[in-house]
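Participant: I have a structure I would like to understand better, so I am pasting it below and will then ask my questions one at a time.
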Amino acid sequence: MRYSLRQLEVFLATARFENISRAAGALAMSQSAASASLKELESQFDVRLFDRVGKRLQLSELGHQLRPQAEALLDQALAFEQALCGKGVEGRLHVGATLTIGNYVAVEMIAAFRSQYPQADIALQVANTQTIAARVASFELDMGLIEGELQHADLDITHWRKDELVVFARPDHPLTKERAITDTQLLAESWILREPGSGTRQTFDRAMQGLLPDLTISMELQHTEAIKRAVEAGLGIGCLSRICLEDAFKRGSLAPLPVPQRNFQREWFLITHRQKYHSAALTEWIQLCKENP
């Protein structure tokens, strides 16, 4: 074999960081050793895996084509090593989740997974749908749990569970006395919403078609708790997943507003790269997700 697993590690780390020094640091190598390993891999096959753009190393077209295969080879090599050692579900998974899922659902699932598989661990990254999808597509994450609808040629996208958004206000807001809020009343309010690129905002925009150009959006925030606090302070009304509002509704610090003419139903999705090798840990984690619909 004319390449080594170490060379593949250097190739993938360089692709991830676009910098040989940072790649070397992540692999606990000297910069010169990492640079020599990458240069040897390219010279052995007379190819260019990176384009040098200033101090950055960007994947060439061939590098982009080979990256998924290299990721799969290393994952399979790790699984083979674990099997030789008589080990089952272990290692660290890098999972991404959108804000509502990450804050209100994923943590309990991670605790259950760790309890069942103490030799395995999950590192959780929380961001909006676009960011999580991009990181799964670039192999920075093993898989993602997202709220937004998505189309991506490199990703497998599986329906996971249903959810719905709820329009809400502080409990003394005049609209809480209404049995049904009209579109005219919605247009008269100031709105505090999630940012564009989030799954929550995507669902809200779809539900409010026909009204969007005339809505008064006073604030766009990246965190659900900040939106809830702003609504409690009387700065406007909001729209978030029911799952992150249930406690506030029970306490009486916020109140739901009935908007029956608008459809706030949505789906959550599981996403993985089409060429991602599914280790035992990843397979069991995905199964756990599917068992929590």
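Participant: Please report, to two decimal places, log10 I(q)/I(0) for the range 158-242 at q = 0.10 Å⁻¹ as given by the Debye formula with identical point scatterers on the Cα atoms and no solvent.
Facilitator: -0.24
Participant: Are there GluC sites (Glu not before Pro) in the range 227-293 that DSSP marks as loop and that have at most 14 other Cβ atoms within 10 Å, and which are they?
Facilitator: Those that pass, being in a loop and sparsely packed, are 291.
Participant: Follow-up question, since we're still on this one. Tilt of helix 5-17 relative to the longest C-alpha principal axis of the chain, in degrees (0 to 90, nearest 10)?
Facilitator: Helix 5-17 and the main axis of the chain meet at about 40 degrees.
Participant: Can you report the principal axis dimensions of the chain using only the alpha carbons, biggest first, rounded to whole angstrom?
Facilitator: Per principal axis, max minus min of the Cα coordinates gives 74, 45, 29 Å.
Participant: Can you find, among 275, 207, 233, the residue farthest towards the positive end of the dipole of the range 181-293? Put +1 on the C-beta of Lys and Arg, -1 on that of Asp and Glu.
Facilitator: Projecting each Cα onto the dipole axis, the largest value belongs to 275.
Participant: Under the rule of at least 5 residues apart or a separate chain, name every residue whose amide H is placed under 5 Å from the amide H of residue 122.
Facilitator: 93
Participant: So how long is each side of the range 147-293 along the principal axes, counting just the alpha-carbon atoms, biggest first, in Å?
Facilitator: Its Cα atoms span 54, 34, 25 Å along the three principal axes.
Participant: Work out Dmax and Rg for the range 25-174 from the C-alpha atoms and quote the Rg first, both in angstrom.
Facilitator: Rg, Dmax (Cα atoms, Å): 20.4, 73.
Participant: Could I ask something else about it? Using a Gaussian network model of the chain whose springs link C-alpha atoms within less than 10 Å, name the residue from 138, 218, 32 with the highest mean-square fluctuation.
Facilitator: 32
Participant: Could you identify which residue out of 172, 46, 183 has the top mean-square fluctuation in a GNM of the chain using Cα springs shorter than 10 Å?
Facilitator: Ranking 172, 46, 183 by mean-square fluctuation puts 46 first.
Participant: Per residue and in Å³, how big is the convex hull formed by the alpha-carbon atoms of the range 209-259?
Facilitator: In the range 209-259, the Cα hull volume divided by residue count equals 99 Å³.
Participant: Quantify how much of the Cα-Cα distance distribution of the range 5-84 extends past 16 Å, in percent.
Facilitator: 49
Participant: Just 185, 265, 58 to compare: in a GNM of the chain, with alpha carbon springs under 10 Å, which one fluctuates most?
Facilitator: Comparing 185, 265, 58 in the GNM, the peak value goes to 185.
Participant: Between residue 180 and residue 222, how high is the FRET efficiency from 1/(1 + (r/R0)^6) when r is the Cβ-Cβ distance and R₀ = 25 Å? Nearest 0.05.
Facilitator: For R0 = 25 Å, the calculated efficiency reads 0.20.
Participant: About its Cα centre, what dipole magnitude does the chain give when the only charges are +1 on Lys and Arg Cβ and -1 on Asp and Glu Cβ, stated in debye to the nearest 20?
Facilitator: On the way: 32 positive and 36 negative charges, 56 e Å.
Around 260 debye, computed over the chain.
Values quoted throughout were computed directly from the atomic coordinates according to the rules given, and no laboratory measurement underlies them. Nothing here was measured: the structure is a model prediction, and the numbers come from that model. We place every Cβ from the backbone using ideal geometry, glycine too, and count neighbours over all the protein chains shown.
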